[in-house]
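Heads up: the structure comes next, in structure tokens.
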Amino acid sequence: MLTKAALPSLLSVVALALGCSVFTGPADFPHAVANFGCGPADGPATAITLGSRPIAPAVAQFPYVVIMIEQPLSALEGRTFLVGSGAGATYVAGPNAYESASIGRVNIGRVDADSTIHGSVSLSFSSRRVIDGFNAVWVRRTVLCG
């Protein structure tokens, strides 16, 4: 039997559970590509795109996640990058619907000789959580920095 004192605590737990229903995960982003990107002050960076559908050479179809790591491909293997400290991530749901990750991490396990990047992510956005593994095939794209 619930006492009157326990009722507010129970209601708080129910409200918290309902409020967390906006989170999803593990995410379903089975497609991934990576390419050279421009970091702060136009330094070398690596962009990884995780897609819910196959990623065309020009652009991914919605929804997708773009991760920017402020390091060149040669410096990724065996490292973990934290959002806000060497990495950033954006969830893109549509043409004008996107949000930046508030916290998270990107783990890079290995980089193959063909530059395929194997890793995993755990990213928190205001509307969802993305937890996924990836094998990002390297795609050569012309990127002009500066």
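The values are calculated or read from the model by the stated rules, or taken from the named source; none is laboratory data. Please read all numbers here as calculations on a predicted model, not as lab measurements. All Cβ positions, even for glycine, are placed from backbone atoms using ideal geometry, and neighbour counts span all protein chains on display. Side chains included, ligands, DNA and RNA excluded: accessible areas come from the protein's heavy atoms. Shrake-Rupley method; radii C 1.70, N 1.55, O 1.52, S 1.80 Å.
The single condition among (1) open to solvent by less than 30 Å² (accessible area, probe 1.4 Å); (2) at pLDDT below 95; (3) hydroxyl-bearing (Ser, Thr, Tyr) that residue 91 does not satisfy is (2).
Applying the selection to segment 69-81, what residues are among the hydrophobic types (A, V, I, L, M, F, W, C) and either in contact with a helix residue (DSSP H, G or I) (Cβ under 6 Å, 6 or more places away or on another chain) or open to solvent by 30 Å² or more (accessible area, probe 1.4 Å) (or both)?
In the first step, residues of segment 69-81 are kept if they are among the hydrophobic types (A, V, I, L, M, F, W, C); the result is 69, 73, 75-76, 81.
73 - this is the single residue of segment 69-81 that is among the hydrophobic types (A, V, I, L, M, F, W, C) and either in contact with a helix residue (DSSP H, G or I) (Cβ under 6 Å, 6 or more places away or on another chain) or open to solvent by 30 Å² or more (accessible area, probe 1.4 Å) (or both).
Contact map, segment 43-68: first residue within 20 Å of residue 132 (Cα to Cα), second residue basic (Lys, Arg) and open to solvent by 10 Å² or more (accessible area, probe 1.4 Å), Cβ cut-off under 7 Å, separation 6 or more or different chains; pairs are 61/53. Scanning segment 26-44 for residues that are open to solvent by less than 80 Å² (accessible area, probe 1.4 Å), in contact with a strand residue (DSSP E or B) (Cβ under 6 Å, 6 or more places away or on another chain) and part of a loop (DSSP other than H, G, I, E, B) yields 27, 29, 39.
Being surrounded by 17 or more Cβ atoms within 10 Å (Cβ to Cβ), of a type outside the set (S, T, N, Q) and at positive phi holds for only one residue in 84, 146, 104, and it is 104. Among 56, 41, 136, 60, which is at pLDDT 95 or above and of a type in the set (Gly, Ala, Ser)? From the options 56, 41, 136, 60, the qualifying one is 136. For residue 12, all conditions in the list (1) at pLDDT below 95; (2) assigned to a loop (DSSP other than H, G, I, E, B) hold save one; what is the number of the exception? Status for residue 12: all satisfied but (2).
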